[in-house]
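Written out below as structure tokens is the structure these notes cover.
The values are calculated or read from the model by the stated rules, or taken from the named source; none is laboratory data. Quick caveat, the model's predicted, so the values are computed rather than measured. Because the Cβ atoms are built from the backbone with ideal geometry, glycine has one as well, and the counts that use them run over all protein chains shown.
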Amino acid sequence: MKKSQSKLKTPTTKVIASRDLLSDFSALSEVLPNPDQVLNNTGESIAVYRTLLAESLVMGATTRLEGGIKALSWELSNEDASEQVITSINDALKRLPVMDICQRMIKGYYFGFQPFEILWQTGVNGWWPSDIVDKPPEWFLFDQKNQLRFRAKGHEQSGKLLPARRFVVAGHKQSYDNPYGMAVLSACYWPCVFEKGGLSFWLTFTEKFGIPFLIGKLKRDAQQSEYDALADDLKAMVQDGVLVMPDDGSIEVLDTSKAANVDIFEKLLAYCRSKINIAILGQNQTTEANANKASAIAGLEVTKAVVMQLSGMIESTFNQVIEHMVYYNFGETAAAPKFTLIDQEALNEKQSQRDERLHKIGLRFTPQYFIDEYNINAEYVQRVAGKKEAEDKHTDFAEGEDHQGESLNLTQQALEQMKDSVSETQLNVLMTDMLPAIESAINTGERADALADLATALPKMNSSALEALLTKLIFTAAVTGHLAAAEELADG
């Protein structure tokens, strides 16, 4: 039985767990500190991560991600928005460098969060953004309510609250307890430091131990000036390879190269490279020289997944901008379309495979379909006359791949030949000797007597020709039946 409205329970709508109700000293501060461990341990700001972008390893990895985003295209989906809203938003976005803005939004992945300022301008048809500019994240902080604040003059510690619908934030793994997000470059900081330090030690080691030592020997009673002169000559010998000395002196070459010592630095550098690539790309199989083809292909799939994750972050940020556009130009209740990044090349390949399968089962598309779906210039499309419909019905789209049509033709031909082999005239001739006895038995009048007379007369009839024809027809029917059954089993 349905309960009455007065007896239904209602949930509590008041927030119970919040920072201002927490019995903790952190509630005394108006702003939230960035929980990034690297920044806290080094005392640096987010600006230090910007210097990492100039490192060759980091630059190579980030360039690959940015190239993956630049290869995408964008579109607006309906989402209950009116045609007027969709058209206006689409026109506004076309006036902006959308893909360049998308590329800059990837900084939210690098730094954890990336603020963007929307520069509004008025026109005949309303308020539209003239540009969406990325601002340095170290200029901003978050307060206890996770609201973005600007470190303006006079507000360096607590920050200045920003006006609504003026800023949007592209963030990576932002949450209630960490609105600053997780900076991927935080995982690259120490590998970059150790990689740079290891390279410096490697160069020092190479200078010191990469070439053999030259040891000059003199008599024990030689003067200090003679030792100094020989040392200077040995130093000069490293450059010009020429040395003049008395015949009672000698030079010994000491080889100090140790492969094991060199491997220590190489392993350190390889470890740092691996950590950097895994942090940014999610894998290191496409960057290591010893990776095989299978692992490299698997690594590419991981990087594609990272690109798709970034596209979701970019879509969310752009949809915030679109919602602000709709708010200022169509009202608070108007539905907004959704911004979506798509891999058009992958979609075209998937659709072409589907169209090929549909063609194989007999479905044909018009030239206008290919013009619309594959964005082909109509001037380059020419209709080619195909085969006759009867032939096309029994042929496959890809020649030689499927012989089912040939089997069906053979079966049909056998049935047609069987039908044509028996004519009405031929049957009349074969029945000539048998018809008088049959007519005489039927004309006796009584059904029981007719059947008895027909049974008596049947052995005396000349039916050899008819029996041969019936045997042939039965054999042909049996063979065609087996062929049809085999085809059905092959089709599953």
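One table, with the values for the structure above:
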read-out: Within region 121-135, considering residues that are touching a Phe, Trp or Tyr at 6+ places or on another chain (Cβ under 9 Å) and in contact (Cβ under 8 Å) with a residue 60 or more places away in the chain, the one farthest from Tyr327 (Cα to Cα); value: Ile132
read-out: Residues satisfying the stated conditions in region 148-177, i.e. surrounded by fewer than 12 Cβ atoms within 10 Å (Cβ to Cβ), under 36 Å from the mean Cα position of the chain (by Cα) and not small (Gly, Ala, Ser); value: Tyr176, Asp177
read-out: Positions within region 26-51 being surrounded by fewer than 18 Cβ atoms within 10 Å (Cβ to Cβ) and of a type in the set (S, T, N, Q), in sequence order; value: Ser26, Ser29, Gln37, Asn40, Asn41, Thr42, Ser45, Thr51
read-out: Residue within region 110-129 that is closer than 23 Å to Ala346 by Cα, within 21 Å of the chain's Cα centre (by Cα) and not acidic (Asp, Glu) present; value: no
read-out: Residue match in region 113-120 (condition: out of contact with any Leu (no Cβ under 7 Å at 6 or more places or on another chain), among the hydrophobic types (A, V, I, L, M, F, W, C) and without any contact (Cβ under 8 Å) to a residue 24 or more places away in the chain); value: yes
read-out: Residue check, Lys135 modelled with pLDDT of 95 or more and farther than 25 Å from Ala334 by Cα; value: yes
read-out: Scope region 52-69; condition assigned to a helix (DSSP H, G or I) and surrounded by fewer than 13 Cβ atoms within 10 Å (Cβ to Cβ); matching residues; value: Ser56, Met59, Thr63, Gly67
read-out: Residue under evaluation Val244, criteria (1) modelled with pLDDT under 65; (2) within 48 Å of the chain's Cα centre (by Cα), criterion not met; value: (2)
read-out: Among the candidates Asp392, Asp355, Asp372, residue that is surrounded by fewer than 12 Cβ atoms within 10 Å (Cβ to Cβ) and either among the charged types (D, E, K, R) or at pLDDT 75 or above (or both); value: Asp372
read-out: Condition broken by Glu55, with the remaining ones in (1) in contact with a Cys (Cβ under 8 Å, 6 or more places away or on another chain); (2) charged (D, E, K, R); (3) on the phi > 0 side of the Ramachandran plot satisfied; value: (3)
read-out: Failed item in (1) under 25 Å from Val31 (Cβ atoms); (2) over 27 Å from the mean Cα position of the chain (by Cα); (3) not hydroxyl-bearing (Ser, Thr, Tyr), with Arg95 passing the rest; value: (1)
read-out: Selection status of Arg383, part of a loop (DSSP other than H, G, I, E, B), of a type in the set (Lys, Arg), at pLDDT 60 or above and not assigned by TED's automatic domain parsing to the domain that holds Ala484; value: yes
read-out: Test result for Val98, under 26 Å from His155 (Cα atoms), of a type in the set (Val, Ile, Thr) and surrounded by fewer than 20 Cβ atoms within 10 Å (Cβ to Cβ); value: no
read-out: Condition check for Trp139: surrounded by 16 or more Cβ atoms within 10 Å (Cβ to Cβ) and among the aromatic types (Phe, Trp, Tyr); value: no
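Matching residues to (1) of a type outside the set (Gly, Ala, Ser); (2) at pLDDT below 85; (3) part of a helix (DSSP H, G or I); (4) assigned by TED's automatic domain parsing to the domain that holds Glu117:
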site	(1), (2), (3), (4)
Asn284	yes, yes, no, no
Ala296	no, yes, yes, no
Gly312	no, no, yes, yes
Glu323	yes, no, yes, yes
Tyr327	yes, no, yes, yes
